[in-house]
Each structure stands twice: as structure tokens, then as C-alpha cells.
Amino acid sequence: MIEPFSVPFMGRALAEIALLAVICGPVSVFVFVRRLSFVSDALTHTVFPGVVIGFAAAGVEGVFAGALVAGVVTAVVLTLLTRGARLTDDAATAVLLTAMFSIGVVLVSRRSSYTSDLTSFLFGRLLTVTSRQLAETAVLAVVILVALAVSHRALLFRAFDPEGAAAAGFRVGRLDLWLNVLLALVVVAGVRAVGTILVVALLIVPAAAARMVSDRLAVMAAVGATLVFLSGYCGLLLSWTASLRYEIALTSASAVVLLLVIFYVILMPFRRVAA
Amino acid sequence: MELRYTGVSLGYQGKKALIDVEIRLKAGQRLALVGPNGAGKSTLIKSMLGQSEILGGTAIIPPRDVIGYVPQSGDLDPDFPVSVQQVVMMGRYRSLGWWRPVRKADRQAVAEALDQVGLTDKARNRFGTLSGGQRQRVLLARAIVAQPQLLLLDEPFNGVDAVSQDAIVTVLRDLSAAGTALVLSTHDLAVARDLADLICLLNGRQFAVGTPGETLTASSLRPVYAHRALDLADGRLVLVDP
């Protein structure tokens, strides 16, 4: 059970998943209570052109910077659009999502290795995570966790009662921007490992699954993080075993996300019992 | 603490929603805002929180950090995973700031506020599992845990059972006796008469302000409620769907 992870690329992949678990557990709780699943989905798509431009400019090492810039810019634009009175939140989000994703597809389709590049951007390459990528994820994890630690009270108040939070002197618009930027940073952290499509699962499923067994936010964050790590561990193991023993090509990132969803389904009856 | 509006017009994005507001409230006084739906009661309360625009006149409003606010509990998500204790603690967040950890004094203040509204035994329950009246009492506890000098309540008795209404009225009287000024909007004229020192009649403009005896009369209420007021043969007035 542990032996495959003594192979360097498997060890790095597991370490990457562990870092993502630590940040996705608590962040997904705020996605859940703020009902930001669609916004999260949009953010994962809007970083796509940044990923493509970064890759075109500097190869794999450029993906991080490209995703970071695109993520932060779209978090700002998304916050401004959803605060405007002319469009509803979901319409504004959908417009941005489709526009940015289309730009990404246009950019990537100009490359000769179109299919291969598109696949890796959309579904990630968990097994090719480098030490440098691991270090970048670790830095992002520290930034995200510190940011959450200092703002969790305000974010919680805003999520529960935006009118009350505003009356208490909290600036709701700035808090929305703050959380959107944090979501963008999580997307940036996870995009190379699990891709722009699958990273949304790490933002939504952990807290949704954890809610089945607890209605305490801290417990939800811990359970969510544990589920991501377990999915990562089992998903990598499954992918390794399928490839080496049975010669079945099983994409590791997809296996991880699939297992996370299976955990969600397994926990569903517990919610019914609690209700 | 002094709250004073002199010839004030209020609204949103430059558009007036309420005009001719003349009110003056001192520490310990209780003001009830009375009028039909859309009369401008919430607009007036929001102006004290800086959430609606003062478009004319002069308004003297206490600083934000001494104002407490109790929203309607029905506007909040009952599925939100938060305990009663956590909701009340939110009232301390402003004084806690970003870094300061929750201390014994904060927990003590939360316990006392819950005791004041009679919900000590519900402290660990999830907020959404409480009845509408109990939720309203929790929100009142959240406001008083910050020890406000001016407390604003938006329809605090909407959908509230008799037990909770009595508990809320008792707490409001105690707060007022301790010097907290109160402004509450309500449709319930009986509660307004019973609780308030001053009544402000609104419907797009201020029609009257004064004691319950001066304002809650058929002749004062008739123009405020217009077609919703039915005159009975014996001279009394009935409000339809106030």
C-alpha cells in the first residue's frame, strides 16, 4: 500500500494532493456556505486562457504565472460583474465563464500539439508534478491558510447574514473580492495537477460530502480535507495498480476526483439519518 | 447618544423613497416606525446604518460602532451550519477584530446575552433548528452582546410566537431602562402602543410623530393607510392587511 509512493513521481503526486487537501478542506466550506459552486466552476474555466498563454510563453513552468494572473484578474472582474445591477449573478458569471473559456480554446487550437495540450490543461498531469511545482503549491497553501485564518470571522458573518455583517461595519464587497481571490488561488494551486475542469471538484465536493456527517464548520473543514487526501491516496494507488498490473490506462487525476465523488455518494445516507 | 433627523429625505441612487422625516430620539427612548408595506420604514432604518442615501435635510446619527441591528430572522438560511452560540458571538466580531482570539470575557458576554433572551439551553443547537421566534431572540442576543447605545430592529415581531414576543418585549424594556435607545419597525399597532414612547407614522412621507396617544388615532392613521383603512359605523377604524 505504501510501496508505490516510494517512487519519486508517486511521492510528489501524493505530497501535492496532501497540500491541496489542506487548503481545499476549509476553502470548500466557504464555497458551500456561500453557495459559490457556480462561481468556482467559472473560476476554473476562466484561468484556462492564462494557463494556455503561460504554457505558450514559458512551457510548463509558465503555467503557474499564467494561471495566477488570469485567476486574480477574473476574480476581480467576477466580483465587479456580480455586484452590478444590470446582470444577475449567474448570468454575469456565465458570460465570463464562456467568454474566457472560448478564448482559451482559440489560443490552444493554434498549437500543433492541440489535442495533447488541451487534454493536459483540462485534466491535469498529477504524475508529472515537479519539486518546483510542489514548492509553489506549498507557498500558495501557506498564503491561502493565513488569509483564511485572519478573515474567517468576517467571511462567516458575511456568508450567514450579509445585511447584518454590513450593519456591523464589515465591507461586504471587499469580503466577496477577498474570497473570490482565495478561490482563484486554490484553482491556480490545483490546476496543473488535476486540470482546469477537475479542480472544481476539489472546491465543491469536500464540504458537500462533509456536510452529510456534520453541521459544524470546523469539523466539515477537517472531514473535507481528509476526504481529499484519502481520494488522492486511493486514486493514485488505483491508477498505479491498474497501469502496472492490468495494463489499463487510468488517468490519476480523474481517478482521484471520481473517488472523491464516490465518498460523497457513500456519505449521502448519513445525511438522511441525521435529517 | 442622540439621533436627530430634521427635514430629511431618503432614498436610493438619488431617487427619493421617504420625505419630511422629523425625529428626535434620546438615550433610553423607544421609537416605533408604523406604516404599510413600502412606506419607507426599512429605508429609514437603513439610513441610520449608512445603507440608504440621505438626499436632503440634516441627520445627526450616532457612530456606527454604537449602533446595533436586528434583521428579520426569516431572511436567513435555516440550513446554514452554524450554532446559536456562534451566531451570538458574531456580535463580538467587530470588537475582536482580525487577530484577537476569543477570550473568556467574550464567551461570558455571549452566555449572558443568551440568558437575557432565555435561550441558554439552546446555545449548542444549530440556528436553523430553532423556531422563528427563537431565531429572532438569537439575533437580538447577537445585537445586545455588542452593548449598543442605539438598537435598530426591522420587524422584530414578524412570524414570532407569543412566548418569544413577550420575551423580546421584556428584553427591549430592560435595554431601554438601561439607557439604550430603540428604533423598531412594526405592523403591529398593539405592540407599538404597548412598547413605544414615540410613534412615527410613515407612508412615503412622515405623516405624524408623537406619543401613542397622539398618533395611534383613527384620524392620524386614516391618511397613512389610505384605502387599507375601513371606517366602522361606530367611529372606529379597521386596518385591512396593514
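Taken together, B:Ala141, B:Ala181 contain a single residue that is open to solvent by less than 10 Å² (accessible area, probe 1.4 Å), outside the structural domain of B:Lys41 (by TED's automatic domain parsing) and in contact with a Leu (Cβ under 8 Å, 6 or more places away or on another chain), which is B:Ala141. Assessment of the range A:234-249 against the conditions (open to solvent by 30 Å² or more (accessible area, probe 1.4 Å), under 19 Å from A:Val29 (Cα atoms) and in contact (Cβ under 8 Å) with a residue 24 or more places away in the chain) yields no matching residue. Say whether the condition of being under 30 Å from B:Val84 (Cβ atoms), open to solvent by 60 Å² or more (accessible area, probe 1.4 Å) and not hydrophobic (A, V, I, L, M, F, W, C) is met by at least one residue in the range A:170-179. Yes, the conditions are met somewhere in the range A:170-179. The set of residues in the range A:23-54 being away from chain B (no Cβ under 14 Å) and open to solvent by 40 Å² or more (accessible area, probe 1.4 Å) consists of A:Ser37, A:Phe38, A:Asp41, A:Ile53. Here is the figure for the range A:253-262: residues that are open to solvent by 10 Å² or more (accessible area, probe 1.4 Å) and under 20 Å from A:Thr196 (Cα atoms) total 5. In summary, helices (runs of 4 or more DSSP H) completely within the range B:126-241 and bearing 2 or more residues that are at pLDDT 95 or above occur at B:132-144, B:162-177. Among the residues of this structure, B:Gln86 counts as one that is assigned to a helix (DSSP H, G or I) and open to solvent by 10 Å² or more (accessible area, probe 1.4 Å).
For residues in the range A:123-139 being among the hydroxyl-bearing types (Ser, Thr, Tyr) and open to solvent by 50 Å² or more (accessible area, probe 1.4 Å), which is modelled with the lowest pLDDT? Only one residue tops the list, namely A:Thr128. Taken together, B:Gly68, B:Gly56 contain a single residue that is in the same structural domain as B:Arg205 (by TED's automatic domain parsing) and among the small types (Gly, Ala, Ser), which is B:Gly56.
Condition first: under 15 Å from the mean Cα position of the chain (by Cα) and open to solvent by 30 Å² or more (accessible area, probe 1.4 Å). Now tell me which residues in the range A:144-163 satisfy that. If the condition is that a residue be under 15 Å from the mean Cα position of the chain (by Cα) and open to solvent by 30 Å² or more (accessible area, probe 1.4 Å), then A:Leu145 is the only one that fits. Might you let me know whether the range A:135-154 holds any residue that is in contact with a Lys or Arg (Cβ under 6 Å, 6 or more places away or on another chain) and assigned to a helix (DSSP H, G or I)? No: the range A:135-154 contains no residue that is in contact with a Lys or Arg (Cβ under 6 Å, 6 or more places away or on another chain) and assigned to a helix (DSSP H, G or I). For the range B:12-43, filtering for residues that are more than 14 Å from chain A (Cβ to nearest Cβ), buried (at least 16 other Cβ atoms within 10 Å of the Cβ) and under 21 Å from B:His187 (Cα atoms) leaves 17. For the subset of the range A:171-184 comprising residues that are without any contact (Cβ under 8 Å) to a residue 24 or more places away in the chain and either part of a helix (DSSP H, G or I) or touching a Phe, Trp or Tyr at 6+ places or on another chain (Cβ under 6 Å) (or both), which member is nearest to the other protein chains (Cβ to nearest Cβ)? Going through the qualifying residues, I end up with A:Val172.
Whether a residue is within 14 Å of chain B (Cβ to nearest Cβ) and assigned to a helix (DSSP H, G or I) was assessed, and A:Ala208 passes this test.
Condition (residue is touching a Pro at 6+ places or on another chain (Cβ under 8 Å) and either crowded, with 19+ Cβ neighbours inside 10 Å or over 22 Å from A:Leu217 (Cα atoms) (or both)) applied to the range B:115-127: is it met by at least one residue? Yes, the range B:115-127 contains at least one residue that is touching a Pro at 6+ places or on another chain (Cβ under 8 Å) and either crowded, with 19+ Cβ neighbours inside 10 Å or over 22 Å from A:Leu217 (Cα atoms) (or both).
Please tell me if B:Ala109 is more than 9 Å from every other protein chain (Cβ to nearest Cβ), at negative phi and either more than 22 Å from the chain's Cα centre (by Cα) or among the acidic types (Asp, Glu) (or both). Considered against the rule, which asks whether it is more than 9 Å from every other protein chain (Cβ to nearest Cβ), at negative phi and either more than 22 Å from the chain's Cα centre (by Cα) or among the acidic types (Asp, Glu) (or both), B:Ala109 comes out as no.
Elements of the type helices (runs of 4 or more DSSP H) sitting completely within the range A:6-111 and holding at least 3 residues that are more than 30 Å from A:Leu227 (Cα to Cα): these cover A:48-58, A:60-83, A:89-109.
The values are calculated or read from the model by the stated rules, or taken from the named source; none is laboratory data. Model, not experiment: these values are computed from the prediction. Cβ sites come from the backbone with ideal geometry, for glycine too, and all protein chains shown count toward neighbours. Side chains are part of the model used for accessible areas, which takes the heavy atoms of the whole protein and leaves out ligands, DNA and RNA. Shrake-Rupley method; radii C 1.70, N 1.55, O 1.52, S 1.80 Å.
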